[in-house]
1. Mind giving me the FRET efficiency for ASP379 and VAL293? R0 is 56 Å, r the Cβ-Cβ distance, nearest 0.05 is fine.
2. Run the numbers for ALA197 and GLU366: contour at 0.36 nm per residue of separation, minus the present Cα-Cα distance, in nm.
3. Any chance you could get the radius of gyration and Dmax over the Cα atoms of the stretch 301-384, in Å?
4. Out of the total accessible area of the stretch 144-236 (probe 1.4 Å, heavy atoms of protein only), what percent is carbon and sulfur?
5. Sorted by average packing, counted as other Cβ atoms within 10 angstrom per residue and highest first, what order do 160-172, 339-351, 80-92 take?
6. Expressed as a whole percentage, what fraction of the accessible surface of the stretch 303-385 belongs to carbon and sulfur atoms when a 1.4 Å probe is rolled over the protein heavy atoms?
7. What FRET efficiency comes out for the pair ARG154/ARG84, r = Cβ-Cβ distance, R0 = 30 Å, nearest 0.05?
8. Compute the distance in nm between two label points, each set 7 Å from the Cα along the Cα-to-Cβ direction, one at THR238 and one at ASP358.
Amino acid sequence: MSPPAGRPSRPAATISRACGFRTVNNHNLPPSLLNLGYTPTLAAELAELPEPAIPGRVLRIDGHRALVLSEEGELEAMLPGRLRADPGSAPTVGDWVALSPVAATDTPVIVARLARRTRLARGAAGTATRIQVIAANVDRVFIVMGLDGDFNPRRAERYLTICGDAGIQAVLLLTKAGGCDDVDARIAACRAVAPPALVLGVHAIDVIDGVNADVPARYTGPGITVALLGSSGAGKSTLLNHMLGREQMTTCPVRSGDDRGRHTTTHRELALLPNGGVLIDNPGMRELALWLVGEGLGRAFTDVESLARGCRFSDCSHDGEPGCAVQRAIEEGELDGDRATSYARLRGEAEANARRRDERRRRADERSQSKLYRRIQKDHRRRKG
Ligand SMILES: Nc1nc2c(ncn2[C@@H]2O[C@H](COP(=O)(O)OP(=O)(O)O)[C@@H](O)[C@H]2O)c(=O)[nH]1
Ligand SMILES: [Mg+2]
Ligand SMILES: [Zn+2]
């Protein structure tokens, strides 16, 4: 029977259908999920779970509750404690999760977090000994920086180090170009801190005055997840609203046959773009303490690190030692001294954070060791009578 005119030909997803994704063929994955960034790899992982489950992407976490976008539309799901214990692996915005099948009356439960392609991380505000995952499964980062008082290439270096560490390429978007008479010099200053392997483009834009207002969308598309990073007031929300257009599409367009894909006004950090893909805004990030586990500094400072390989001492701090190639490059005008200082500062911060993190881990190990020891002693005494 052909579907009635005006209705989508695909039947509304049912649980049994949604649970039946045993194939890893791209074409058998629902287009709505592919648009959200679902992949055959994720489908295969889901199919390996012991219980049938449906996939969903986390829009927001509130303690033990999560808002998840699935083929069923937006769902409020329970996030059990066992999945929240470790802040590095607990589901966060952008994560793909497996949901227990949804009975009409039950609240679905998140039974597993699926493997992450990438994760953007920082030291949690205040302590810097705890990781906070800002967003998961991010393909690109828009570093948003105003061409007003916000402009600061040193901050761009910090953001780029974080992106580099996560293995995520970035686009530098310099906002408020309409009110700036120094645009070219500032673009050049940003290009100077933007290694080509890490940075896809540097653009001056103004979505209010209409300068390059269509450029950001060129870096988005179906299946691509973009996260916004930038200080408060840089123009992230303005850019987000511009890219969402008048429609403010923040709900799942899947279930057009009923009212379950309805628009809601609840705040969510992950928004669907009208032309495909998703954009993750990050509210309330005042500080971005470095939490590096990989090659972040090397990728963001390819120039400094390749000079450093020419230093006489392999552990050169580039601070007045003899035979320092970095100092020589600064003296000869090949390297900006401010950039070298910025590199040293970020490296020092990352190392200090790593020391604190290791210290914390060591103390936790000690605590569990002595707990174990006490239990063994107690057992021993009890057995002796
Ligand atoms: N003229 C102009 N103003 C902008 C632009 N982007 C943001 N703004 C203004 O800057 C202020 C802060 O923007 P907002 O998007 O809230 O920044 P957020 O904190 O990064 O989300 C608002 O008053 C915006 O109207 C831009 O491209 N051009
Ligand atoms: Mg904002
Ligand atoms: Zn050196």
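The values are calculated or read from the model by the stated rules, or taken from the named source; none is laboratory data. Quick caveat: nothing in here was measured; it's all calculated off a predicted structure. As a convention, Cβ positions derive from the backbone with ideal geometry for all residues, glycine included, and neighbour counts pool all protein chains shown. Note: areas computed on protein heavy atoms with side chains; ligands, DNA, RNA excluded. Shrake-Rupley method; radii C 1.70, N 1.55, O 1.52, S 1.80 Å.
1. 0.90
2. Fully extending the segment from ALA197 to GLU366 adds 56.6 nm.
3. Gyration radius and largest Cα-Cα distance of the stretch 301-384: 23.2, 77 Å.
4. Taking all protein chains in place, the stretch 144-236 shows 50 percent carbon and sulfur surface.
5. So the order, starting with the most tightly packed, is 160-172, 339-351, 80-92.
6. 45
7. Here the calculated transfer efficiency is 0.30.
8. 4.5
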